[in-house]
Amino acid sequence: AGGRMGDAKSAQERLDAENAMDLSPELKGARAAYFDALDDGEQVEEKKFTYAWTLIHQKSKEDMRAGIKLLEELSASKGVQRDALYYQATAQYRLEMYMDSRKSLQHLLTIDPNNRQALDMKALVESVLQREGAIGLAVFSSAAVAVAALAGVLLKARR
């Protein structure tokens, strides 16, 4: 990324602040506004984005996935592409879809390489992936050691 580094701590603080919001009361209104916009064809993209944004801030994983799907559709649209990709990445992160989140952020950073929020979020995702990779490696290593030890015991027992 040409030496541009993000701040994982800033990204985590933003996520914590957003997680503290209760947008469940807004969901019904955002949904109704989106479906009205689909009917009358006015401000469809804007209402779809608001509905998607409201969905990804719900506690339900199902709602979050529905929001991600809408944001994926919106990410093809130049007007809201950056925001759609960013919020898609944050929702994917919340659902522990870290590789997908990283992919969304990489897409966003190809469009807007100096996007501070995206750089911060990517640093957070990378730190989790590194930690998980280290944990996965440790689990794999200890399993390999256990198998080798067991094989040694079994071979001794056969003699």
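What list of ³J(HN,Hα) couplings, whole Hz, do you get for segment 46-56 from phi and the Karplus terms 6.51, -1.76, 1.60, once you set θ to phi - 60° and write x for glycine and proline?
In residue order, the calculated couplings are 4, 5, 5, 5, 4, 5, 4, 4, 5, 4, 6 Hz.
I need to check one value: relative contact order of the chain, counting alpha carbon pairs closer than 8 Å and at least 6 residues apart, in percent.
25
Only Lys, Arg, Asp and Glu count, each charged at its Cβ (+1, +1, -1, -1), so figure out the dipole size of segment 62-150 about its Cα centre, rounded to 20 debye.
Computed about the Cα centre, the dipole is about 180 debye.
How do 147-158, 90-101 rank on mean C-beta neighbours within 10 Å, highest first?
The peptides rank, most packed first, as 90-101, 147-158.
FYI, it's all coordinate maths here, none of it is from the lab. Given the structure is predicted, the values throughout are model-derived calculations rather than measurements. Cβ sites come from the backbone with ideal geometry, for glycine too, and all protein chains shown count toward neighbours.
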